[in-house]
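Okay, structure first, notes after.
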Amino acid sequence: MTVSAPPTAADRVPRKTLWQRLKRDKVMLLLCLPGFLYFVVFHYVPLLGYLVAFQDYQPYLGYMHSAWSGFTNFTTAFADPEFWSATGNTLEIALVQLVLFFPVPIALALLLNSIVSDRLRRFVQSVVYLPHFIGWVIIVSIFQQILGGAGVVPDLLESLGLPRYDMTTDPNAFPWLLALQVMWKDAGWGTIIILAALLSIDRGLYEAAAMDGAAQWRRFWHVTLPGLSPVLVLLLILNLGNILTVGFEQILLQRDAVGPGAGEVLDTYVYFHGIKDNQWGTAAAVGLVKAVIGTILVIGANKFAHRLGHEGVYRGADR
């Protein structure tokens, strides 16, 4: 005699229709509406501007009346040696920032989380958050006063009998200078998500590991790191999506000090060769290439994260 399996919850409860789910979640959907409209108006509608990449765009004619040029703007950009120089500089700066900056908020969040006093922790958090709200003009000026030709560090080197060194005008040190500035400005701000992930880890896991004789490093490796891994994977994927965007204002302020050979990136290339020289189609083509590469990196990294068992940015249909 065959025994049928007991009915599951999915068998007993009928699936709600789309209208029923919308009616059930209407309050949450209304709360999400302003953010949704923001992305539609300022992120998705401007995507129509990429039509310029396939046109001989003339501002006084507009999108509708400018002549179509096919892939001419792309071939013009790809045939320009300065485009490839800017691409190489962009990748170098992005990789240096990814390697140096990405671990800093994690380490800083772990240090902040280890502070016992709540009052002291809040004070330190306020101090490390503050540089995020300072403009790049002021930050670049501060680094000029410290590392520039007449700054504190060259004066100190001279007083020690060493040759003066101006890091702000050294093309070889430019990617490292940018990484230092980004770390000083945004490391504290980047700890917000890491601290929230740390607070979500069950404290009982630490107590159980300590009772089993696990030292502090063992607790970090077997409890903290697995608890942080979903958030770290998510942040890494998002950083890969912006790998070709390394900070327009920050680099524009310092580009002349090191020269275009080291200071030209894709964003400044679009500004100088596209907007200032009225090559609108070329600028749009380079921007479209950046968007396509970023999208491919995000989708590929997200697929790889799924293979490792992580959720990534979004879940696939099969998950």
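The values are calculated or read from the model by the stated rules, or taken from the named source; none is laboratory data. As the structure is a prediction and not an experimental result, all values here were calculated from the model. Note that we place each Cβ from the backbone using ideal geometry, even for glycine, and neighbour counts take in every protein chain shown. Side chains are part of the model used for accessible areas, which takes the heavy atoms of the whole protein and leaves out ligands, DNA and RNA. Shrake-Rupley method; radii C 1.70, N 1.55, O 1.52, S 1.80 Å.
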| message | As a test question: what accessible area, to the nearest 10 Å², does Ser117 have when a 1.4 Å probe is rolled over all protein chains in place? | response | 60
| message | Multiplying the sequence separation of Leu61 and Tyr38 by 0.36 nm and subtracting their Cα-Cα distance, what value in nm do you get? | response | 5.4 nm
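Which whole-number percent gives the relative contact order of the range 82-307, counting Cα pairs below 8 Å spaced six or more residues apart? Before the final figure, lay out each step's value.
On the way: 219 pairs, mean separation 64.5, N = 226.
Dividing the mean separation by the residue count of the range 82-307 yields 29 percent.
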| request: Just tell me which lysines come within less than 24 Å, Cα to Cα, of Lys276; anything on the same chain fewer than 8 places away is out. | output: Lys290
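Using just the helices of the chain, give the 222 nm mean residue ellipticity in deg cm²/dmol: DSSP H runs with n ≥ 4 each add -39,500 (n - 2.57), and the total is spread over all residues, rounded to 500.
Details: 19 runs with 201 residues, N = 319.
That comes out to -19000 deg cm²/dmol.
When the accessible area of the range 82-307 is split by element with a 1.4 Å probe, what percent falls to carbon and sulfur? Numbers along the way, then the final one.
Values: 8220 of 12190 Å².
After summing per-atom areas, the C and S share lands at 67 percent.
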| query | Which lysines, on any chain, are close to Lys16 with Cα under 29 Å apart, when same-chain ones fewer than 8 places away are left out? | reply | Lys26
| said: Please compute the modelled spin-label separation between Phe123 and Glu92, points set 7 Å along Cα→Cβ, answer in nm with one decimal. | reply: 4.4
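Tell me, what is the per residue accessible area of the chain in Å², probe radius 1.4 Å? Don't skip to the end; give the middle numbers.
Numbers: 20350 Å² over 319 residues.
Solvent-accessible surface per residue comes out at 64 Å².
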| query | Taking the Cβ-Cβ separation of Ala215 and Trp68 as r and a Förster radius of 45 Å, what is the calculated FRET efficiency to the nearest 0.05? | reply | 0.10
| request: Report the label-to-label distance for Asp80 and Leu130 in nanometres (one decimal), using points 7 Å from each Cα along the Cα→Cβ vector. | output: 4.2
| message | Can you give me the distance in nm between label points at Leu308 and Asn278, each placed 7 Å from the Cα along the Cα-to-Cβ direction? | response | 5.0
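Classify the range 82-307: rounded, prolate or oblate, from the alpha-carbon gyration tensor (a ≥ b ≥ c, eigenvalue square roots; a/c under 1.5 rounded; otherwise prolate if a/b is larger than b/c)?
The shape class here is oblate.
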| note | Ordering Phe143, Phe220 by the accessible surface of their heavy atoms, 1.4 Å probe, largest first, yields Phe220, Phe143
| Once the whole set of protein chains is in place, how much accessible area is left on Tyr269, using a 1.4 Å probe, in Å² to the nearest 10? | 10
